[in-house]
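First up is the structure itself, then whatever we jot down about it.
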Amino acid sequence: MAPSGSPHDPLRPQAGGCAEFRSLRRMSRRRILEAGSLGLLGLGLDALCGARAAATPGGAGAPTGFGRAKACIFLFMWGGPSQLDTFDPKPDAPREIRGEFRSISTAVPALSICEHFEQVAKVADRLAVVRSLTHSDPAHLSSGHATLTGHRAPVLNSDVDGPSDRDTPHLGSVVARLQQAARAVPPFVTLPWVAAHPAAPGGRAPGQNGGWLGSRYDPMLLSGDPNARDWSVPELALADDVTLGRLEGRQHLLRLVDEQRRALDNSAGAEAFKQQALGLVGSTAARQAFDLSAEPEKVRERYGRNIHGQCVLLARRLIEHGVSLVSVNWHNDGGNFWDTHGNNFRRLKKDLIPPADRALAALLIDLEERGLLDETIVAWVGEFGRKPQITRAGVGRDHWPHCYSGLLAGGGIGRGAVYGASDAHGAYPASAPVSPQDYAATIYHALGIDPELMLVDRMGRPLRVCEGRAMRALFA
Amino acid sequence: MRQFTRTVVGPMVCGALAAVTLLAAGPVGAEPQAGAPPALEPIVVGTPERIDVQPGAIQLQTPRRRMHIIASGFYADGTTQDLTRAAQLTSTNPQVVRIENGVAVPVADGKAEIAVTVGGHEVKVPVEVTGQSKPDVVSFEYGTLVALSKQGCNSGACHGSPSGKGGFRMSLRAYDPAVDTETLVREAFNRRTNVYEPEASLLLRKPLMEVAHGGGRRMKKADPAYDLLHDWIAQGCQVDPADAPRCVKVDVYPRQRLLKRPAHTQQLLVLAHFSDGSIRDVTNLAVYTSSDEGVATVNADGFVTGLDRGESAILVRYLEKMETASLMFLKDVEGFQWNNPPESSFVDHDVFEKLRQLQILPSDLCSDEEFVRRAYLDVIGELPGVGEAQAFLVDQAPDKRAKLIDALLERPEYADFWALKWGDLLRLRGNKVTPAGVHKFHHWLVNAFRTNMPADRFARTLLTANGSTFANPAANFFRTAADTNDCTETTSQLFLGIRIQCAKCHNHPFERWTQDNYYGIGAFFNRVQKKPGTTPDELVVWVSRAGEVTQPRTGKQMKPWLPLKGDAELAGEDDRRDTFATWLTAPDNPFFAKVEVNRMWGHLLGRGIVDPVDDFRDSNPPSSAALLDHLAKDFVEHGFDRKHTLRTILNSRTYQLSSRKNDFNRNDTKYFSHATTRLLSAEQLLDAICRVTSVDEKFAGLPSGTRATQLPSPDVDNYFLKVFGQPARETACQCERSSDSNLSQALQMINGPLVHSKVRDEKNRLRTLVTGGKTDADVVSELYLAALSRPPSTAELDVATRHVTASGDRMRGLEDVCWALLNANEFLFQH
C-alpha cells in the first residue's frame, strides 16, 4: 500500500497540493541539500517546496548569509514610527520638516540618528539601518500584514479588514510550519498582545497568525505586562488548587486510560501537543523559559523596568530556550503607540523612544555577550513612516508609507551598514528602494528559508509565503 | 496458472532497450527525480492468449510525425500485461517506415506494415506514409507552446507565474496563446529567438543551461521539445494561420487497466485528434502526473511504473485538453486470505470487492460500546447519555443497531447538527446576513433537515430564491454569495464539488476547467439583483431581465454554460437560474448526487470517497468509482432522500467496522477497511464536556441550555470553540473547518478555565453522585460511561478508586478522574 503520512503530520501538504506543486517539491530536494546550512530549522525537506536556496547551478553553495540565523526577535513598532525622528534625521531640512529633535553621531562614523536614541547610538556598530523602505499603503492594518508576513494583505489600503484565514501566515507561522522536531517550547510566540488599533474599525491587524496555513500555526500569545509583579502566563499557571503533585497524579491516571487505546489512529499529532502542553504546564524546566523572575535584577534593569523592556528581555529568554521567533508588538500603551498624529514630539521623547532605545540597545549587547547575536536576527520596524511635513497644528505627523526606516541586526547582517537612502526631506527613497516584503524576505533569507518558498493552503493551492526579495547586500 | 515459457531480460530486446532509455531520460527537464522508480524489472511475457496492438492503423502525414506502438497481452487467467517493452517491431518496408526505439518513423511516401511479435503472437499494423516531400512547418500553438509546456517553462512556479521570471512571462500552461504570441513572436527583436542562428536563441540556450538560467537545466538537445523549438525559430517564428487545424480531443490508451504483479508497468499512448481528421501521436509531448505517486510514477514519455498496490489516475495534459488513464496495481500479499465478511447492502459489496482485489482485510465489526458512541456523535453530534448507552448495551435484540440508527435519525438534534454543517458551508454569519437574518436562515435550515427536505429541492430552493431575505430565508444564499463570481464559486463548490476559483483568472492549471467555463457558469447568476427591504436589515433578491457576463481576458460575452454539457439553450427572459437548477437536479446530472452522497459518506466515514469531499477532479479520483456511482444512483432513485442514504451507510458493515486494524489493512487510508479516527469537532467536544460533567455552557444572548451544536453562527464569541477549529464561515469550502490539533487546544484541555471550572463545578455530575450517596466505584463507572460509553476495565476501576482514596479528598480525587477522562484520546477522538 502507498505509505501515507498521518493527517496530523505537519509536513503533509493538506489536500495534497496540485500536481505541479508536487513535482516542484520533488525537484527542490536536491537543491535543499545543496543549500547546506539551514540554521534553525532542521528542516523537513519535504516542507521546503520550491525553496530554491541554491538555484545557482553547479551548486556553488548557499548565498551569503543564508541560514545564518537560528532565531528571530521581531520588534514591531506598531503605529508607524517617524523616520525623521528616529533613524533618518534631516538636520538640514526646514524646521517644519526636520522637527524638534537634533541628531547625534553614533559608533558608526558616517551614521547619525535622533538624539533620543542615546543607547542605540552607542551600539550602532552592531546593527544596520534600512532607510529606503517604501510602499503605498497608508492603512495600519493592511500595512501591518505586509510587514509581518512579507506579502500584501488580502485587502489593501484597509483599516477595516481584520484577520482572516486568507491572510498570509506570519513569518513565525511559516517558521513553525517548517520546524520538524517538536521542542519543549512553542516555535512562535507573540507578546504582549495581538497588535490592534482602536482607530481601525477592523481592530486587530491581519497577518499575525497562521493565516492560510491554519490556526495550528498561530503563535502562542503571552499577554499582560511582564513588568508587573504578579505577571504570569495564564495558560501555564496552574489553577489554585492544582499543584504540580496533583497534576502528576492526573497524568498517571490519564496514561492509564490512554493505554487502553494506545494505537488510536491519527492521534499522534494531538498526543504530541498534549505532551508538549503537559511539559509546559508541569515541568519546571520548560516553565523556566517563561519565568522572568529568574533573570538577575541587573539584567532586568538594563532592559528597562517597563512593559516593553521586559517583553524584549522575555523574548531573549524565550529564544535562548528554543523558541524560534518572538514577535514583540509595541504594547497597548493607551496612547495610540507610534501613531503620533497629534503629539509627535512629546510622545516620542517622553513615552516611546526612551523604552525602545533602552530595550533595543540592551538586547543587542546582551545577545552579543551571550554569543547569540550572530545566530539571532533582530528586526525593529513599524508598518510605515510619517509624513515629513509636520501637521498644521505643528505637533504631529501623519501616515507616510512612501519612505521610512527599519533596523536589522544579528544573524549575519552587516554591522554598521546603511542600506539605501532617502531624499532631502525623507519623503521618498533616493536610492535602493525596498518594500516591507523585501524586509521580511531578508529575515527569511537569514533564517535559511528561501523567500520564494511555496506552501499549500488548506485548499491545496501552492502559494508564495513572501513576495519580497532579500536585501542580500546587507549580509556581511 | 500462467505458464512462464520465456523470460525476456531487459537489454536483450530492442523494445526493452527503448524503455530503459526512456526511463533514464527522467521526468520533465533534466531534474533528476527524487524517489525515482527502482531499476526496471525484466518483463515476464509468459503465454498470452492473444495480444492487442494500438493503434490499429498508422498514418504518418508529415516528416515530423511519429507513432508509438503499444502491445498488450491478455492471459488465460484474466490478467493483462503491457508487452510494449518486449515486443519485436519489424517494418515490412524500411524504405517507407522504420522503427526507432519502438516508434514508427516515416521515411518516404508509400505503404507498409509493421509486424508486432510478442509471446508467440504476431499482429500486423498497416502504415501509410504521405507528405514526406512537403515542408513540415512547426505550429506555434501545437509545437512551440506544447514544447514550452512540456518542459515546464510556463508552469506557475516559473515563467507562468503572474509576474513571470527574469523579465520573461508566459501565460500559465499556455492558456492564453495571444499573450504568448506577443511575448515570443512580436517581441522577437530581443535575443530570445534568433532566426538566423537558431542555436544562439536564448529560448534554447537558457533551458539548456548554456547560459545561466535561474530555473536550472530544463531541457536536453535530445528532448523532442528541443527540435520543435529549434525548428520553429529556424522557420522564422511563424504564427499559426487562422485556418490551421485545431486539436479537438485527446485519447489515451489504455483508459483503464488492472495490472497484477509481476505486471507492473504500462506504456501509455496519447493520440491527439485534429480538426483536419489527422490523428497525431503526442505521447512524448503530453504532460503527465500521477494522482498517487506512492502507487505509481510516470515519466516524461508516458511510461508508468507501479510501486505498490493501489490505484493511480495518470492525468494526461496536452495544452488545455485533459484525459486520465486509471491504473490499478495488484500484488499477492503473503498470507492473505479473504474472509468473506457478510455484506449488508451494495455498499459493503462495492467496498469489499475492492478490498478483496487489493488484498486488504477489513477490520472486525466494532463493539457495541464503540458503535453507540460513534452513531450518536455522527448522527446527532452528541455523546449518548449514560442511560442511553446502558440501555443499548444491555439490549439483546439482534437488530438493535438498525433500531438505534432509525431512532437517531428522527431526533431533533439530527436537524440541529446538520444545520450546523450546512450553516458552515452557506456561511451563515451576522456580518453577512445580519443577526436577524442568521436566526431566520438557521431556522430555515433546521427545518429543512427536520422535515428531511429532499436534497434536490434544497438546492433548487437556494439557487432560485427570490424575495425578502426575511420572508424567504433561502434568499440569503445570494446575500452571502454576494456577487456573480461568488455565486459561481459557491455553487460550483457546494453542488458540483468543483473548486473552480483558479479559473477566474486563468485556465485551471491542473484541471479541465477554463476561464470561459468560469464566466459561463457566472452567466446563470449575473442577473441576480438586491434592493433594500422594508426593514433595516432586510434585502430583497430579484432577477433582472437583461445583463450578460463578459470574459475579462477575451472580452467576449459568455453564454450560460453547463459543465460537461456546453452552452445552455435558454428560453427568452426566463430566470436563467431555473435552467441551471433544473440541469443540476436532473436524475442524470453527473455531479449533484455524487457530491451530496460523498459529503454524507465523508461525514460518517471520516474520509470522502472523493477526498476532500468538495474537490472532484480527474486528478483526484474516487477511491471507489463503483461505490460512488451506486450511492448516487440509489440516492436519486429514492428521491434525493438524505436520511435514506445516511441510513444505508450507517447500516453497512463498512460503517460499523472497528478502528482497530489488522496486519492486512494497517496502511490503508483510502479504502475504508477500518473506521477512521478523528478529533471531535469543536462543537461536539464542547457539548461532550458539558454532557460528561453535566454542566451547561452559557452562550451570550441565547437561551440557557443551548448546545454548541445548536449555535446558529460563530458570532457567539466562544474562545474554546475557536481554538478547536470552529470556522469563521468565510468560504464555502469544507476545508475551512480545521481538524488540526494544536498547542492551544492541548493547553485548553489540560489547564484551561473551561475544563477546570466544569470539573470543579459545585453542581456537576460527580458531586451530584457523591451527594446522592454513590460509592467511588459507582461514580468512576458512571464517569466512564458518560465520557467513553463503556464501563471501566477492572484495572482502570481499581487504579481510579485507589487514586481517590489516596488523594485524601474524595472530591478532588474524583475531579482528577474526570479530568483524566476528558483528556484521554479515547474521549477526544471519534473512533
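Projecting the Cα atoms of B:SER72, B:PRO94, B:THR62 onto the dipole axis of segment B:55-106, where Lys and Arg carry +1 and Asp and Glu carry -1 at the beta carbon, places B:THR62 farthest toward the positive end. About its Cα centre, chain B has a charge dipole of approximately 920 debye under the convention of +1 per Lys or Arg Cβ and -1 per Asp or Glu Cβ, with nothing else charged. Taking only the alpha carbons of segment B:300-436, we obtain Rg and Dmax values of 22.7, 64 Å in that order. In the protein assembly as shown, a dipole from Cβ-located charges (positive for Lys and Arg, negative for Asp and Glu) runs towards its positive end, and of B:PRO791, B:VAL438, B:VAL304 it is B:VAL304 whose Cα lies farthest in that direction. Treating r as the C-beta distance of B:ASP406 and B:GLU762 and R0 as 45 Å, the FRET efficiency rounds to 0.70.
Relative contact order, whole percent, for chain B stands at 9, derived from Cα pairs under 8 Å and 6 or more residues apart. The simple spin-label model puts a point 7 Å past each Cα toward its Cβ; for A:GLU301 and B:ALA76 those points are separated by 9.8 nm.
Note on chain A: Cα-Cα pairs beyond 38 Å make up 23% of the total pair count.
Size descriptors for segment B:606-687, from the alpha-carbon set: Rg then Dmax equal 14.5, 41 Å. Counting every pair of alpha carbons in segment B:44-197, the share spaced more than 28 Å apart comes to 46 percent.
With a Förster radius of 56 Å applied to the C-beta separation of B:LYS530 and A:ALA393, the computed FRET efficiency comes to 0.80.
The longest stretch of chain A left intact once loop-based trypsin sites (Lys or Arg not before Pro) with at most 11 other Cβ atoms within 10 Å are removed from consideration, loops following DSSP, is A:1-228. Computed from point charges on the beta carbon alone (+1 for Lys and Arg, -1 for Asp and Glu), the dipole magnitude for chain A about its Cα centre is near 680 Debye. Rg and Dmax, both from the Cα atoms of segment A:196-337 and both in Å, are 18.3, 55. Hydrodynamic analysis of segment B:140-234 uses the Kirkwood radius over alpha carbon pairs. Inserted into Stokes-Einstein at 37 °C and 0.692 mPa s, it gives a translational diffusion coefficient of 254 µm²/s. Put simply, the amide H of B:ASN93, placed in the peptide plane, has neighbours under 5 Å in B:GLU113, leaving out anything fewer than 5 places away on its chain.
When the convex hull of its Cα atoms is viewed from all sides, segment A:196-238 shows a mean projected area of 4.6 nm². With the simple model of a label 7 Å out from the Cα in the direction of the Cβ, A:ARG346 to B:VAL179 spans 5.5 nm. For segment B:563-642, applying the loop criterion from DSSP together with a ceiling of 12 other beta carbons within 10 Å to the trypsin sites (Lys or Arg not before Pro) yields B:LYS565.
The lysines within cross-link reach of B:LYS403, meaning a Cα-to-Cα straight distance under 23 Å and a gap of 8 or more places when in the same chain, are B:LYS643. Only beta bridges with both residues in the protein assembly as shown are counted; by DSSP, about 75 percent of them are antiparallel. Each part gets one Cα centre, and for segment B:465-518 versus segment B:371-427 those centres are 33 Å apart. Amide H contacts of B:ASP364: B:SER658, each under 5 Å away and 5 or more positions distant or on a separate chain (H built 1.01 Å from N in the peptide plane; Pro and chain starts excluded). Whole-percent P(r), the protein assembly as shown, all Cα pairs, 20 Å bins from 0: 10, 34, 37, 17, 2, 0. Where the centre of each part is set by its Cα atoms, how far does segment B:339-354 sit from segment A:393-450, in angstrom? Their Cα centres are 65 Å away from one another.
Backbone phi angles across segment A:88-103, fed through the Karplus curve with coefficients 6.51, -1.76 and 1.60 (θ = phi - 60°), yield HN-Hα couplings of 9, x, 10, x, 8, 7, x, 4, 5, 10, 5, x, 7, 8, 9, 10 Hz in residue order; Gly and Pro are listed as x. Charging the Cβ of each Asp and Glu at -1 and of each Lys and Arg at +1, and nothing else, the dipole of the protein assembly as shown about its Cα centre rounds to 1560 debye. Across the options A:ALA184, B:VAL394, A:ALA409, the greatest Cα extent toward the positive end of the charge dipole of the protein assembly as shown (unit charges at beta carbon of Lys, Arg, Asp, Glu) belongs to A:ALA409. The Rg/Rh ratio for segment A:237-289 is 1.02, where Rg is the radius of gyration of the alpha carbons and Rh is the Kirkwood radius.
All C-alpha pair distances within segment B:413-585, sorted into 5 Å bins from zero, spread as 1, 9, 17, 21, 19, 15, 11, 6, 1, 0, 0 percent across the bins.
Among the GluC sites (Glu not before Pro) within segment B:708-817, those in coil by DSSP and having at most 15 neighbouring Cβ atoms inside 10 Å are B:GLU730, B:GLU762. For a straight C-alpha distance cut-off of 18 angstrom, the aspartates and glutamates reachable from A:LYS349 (same-chain residues fewer than eight places away being disregarded) are A:ASP85, A:ASP88, A:GLU96, A:GLU100, A:GLU115, A:GLU118, A:ASP333, A:ASP339, A:ASP357, A:ASP398.
So which lysines pass the test for B:LYS321, namely a Cα distance under 17 Å, with those fewer than 8 places away in the same chain ruled out? Cα-Cα hits under 17 Å: B:LYS150, B:LYS249, B:LYS565.
Volume per residue of the convex hull around the Cα atoms, evaluated for segment B:704-780, comes out as 139 Å³. Applying the Karplus relation 6.51 cos²θ - 1.76 cosθ + 1.60 with θ = phi - 60° to segment B:642-650 yields 3J(HN,Hα) values of 4, 5, 4, 5, 4, 4, 4, 5, 4 Hz, where x marks Gly and Pro.
For chain B, a Kirkwood hydrodynamic radius built from all Cα pairs, placed in the Stokes-Einstein relation at 37 °C and 0.692 mPa s, yields a translational diffusion coefficient of 108 µm²/s.
Sparsely packed loop sites in segment B:134-218 (the GluC sites (Glu not before Pro) outside DSSP H, G, I, E and B with at most 12 other Cβ atoms within 10 Å) comprise B:GLU187.
Computed from backbone phi with θ = phi - 60° and the Karplus coefficients 6.51, -1.76 and 1.60, the 3J(HN,Hα) list for segment A:214-230 is x, 5, 4, 9, 5, x, 7, 9, 9, 9, x, 10, x, 7, 6, 4, 9 Hz; x is used for glycine and proline.
A short reminder: the numbers here are calculations on the coordinates, not readings from a lab. This one's a predicted model, so the numbers in the text were calculated from it and none came from an experiment. Backbone-built Cβ (ideal geometry, glycine too); neighbour counts: all protein chains shown.
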